[in-house]
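Q: Got a structure for you, written out below as structure tokens; questions coming shortly.
The values are calculated or read from the model by the stated rules, or taken from the named source; none is laboratory data. Remember, predicted model here, so these are calculated numbers, not experimental data. Using ideal geometry, Cβ is built from the backbone for each residue, glycine included, and neighbour counts are taken over all protein chains shown. To get the accessible areas, we keep the full protein, side chains included, count just its heavy atoms, and leave off ligands, DNA and RNA. Shrake-Rupley method; radii C 1.70, N 1.55, O 1.52, S 1.80 Å.
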Amino acid sequence: MAVPKRKTSKSKRNMRRSHNSIGDVNIIIDKESGEPRISHRIDISTGVYKGRQILKKKSKSTN
């Protein structure tokens with residue numbers, strides 16, 4: 001079994017973990033609806049992605 005000969009310092013440990021941070025979310029303003037959304041995702045308010053209607057809007061029905 002491999003056992004380290006010396007204790008890993010805080011600096012070396014943190015250098016190793018430097019790429020594990022959470023990245024920024026790319027939020028854009030939609031051209032059609034004007035609402036913020038994540039790029040390369042469907043606009044939930046309109047259901048449109050890349051100029052095509054993907055989701056249908058639900059109509060409010062009274063029961």
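Q: Applying the selection to the stretch 36-46, what residues are open to solvent by less than 70 Å² (accessible area, probe 1.4 Å) and either over 26 Å from ASP24 (Cβ atoms) or among the β-branched types (Val, Ile, Thr) (or both)?
A: ILE42, THR46
Q: Would you point out the residue of the stretch 47-63, among those that are open to solvent by less than 100 Å² (accessible area, probe 1.4 Å) and β-branched (Val, Ile, Thr), that is nearest to the chain's Cα centre (by Cα)?
A: The extreme case among them is VAL48.
Q: Sticking with this structure for a sec: Do we have any residue at all in the stretch 38-48 that's at pLDDT below 90 and outside any loop (DSSP other than H, G, I, E, B)?
A: Yes: one or more hits.
Q: Hey, another quick one. Restricting to the stretch 17-37, name every residue that is touching a strand residue (DSSP E or B) at 6+ places or on another chain (Cβ under 9 Å) and assigned to a loop (DSSP other than H, G, I, E, B). Steps first, answer last, please.
A: As a first pass, look at the stretch 17-37 and keep what is touching a strand residue (DSSP E or B) at 6+ places or on another chain (Cβ under 9 Å): 25-30, 32-33, 35-37.
Residues satisfying the conditions are VAL25, ASN26, ASP30, GLU32, SER33, GLU35.
Q: Mind listing just one residue for me: the one in the stretch 1-35 that is in contact with a Ser or Thr (Cβ under 7 Å, 6 or more places away or on another chain) and acidic (Asp, Glu) and, of those, most open to solvent (accessible area, probe 1.4 Å)? Lay out the reasoning, then the answer.
A: Within the stretch 1-35, the subset in contact with a Ser or Thr (Cβ under 7 Å, 6 or more places away or on another chain) is 26, 28, 32-33, 35.
Restricting the remaining residues to those that are acidic (Asp, Glu) gives 32, 35.
Working: GLU32: 155, GLU35: 87 Å².
Only one residue fits best here, namely GLU32.
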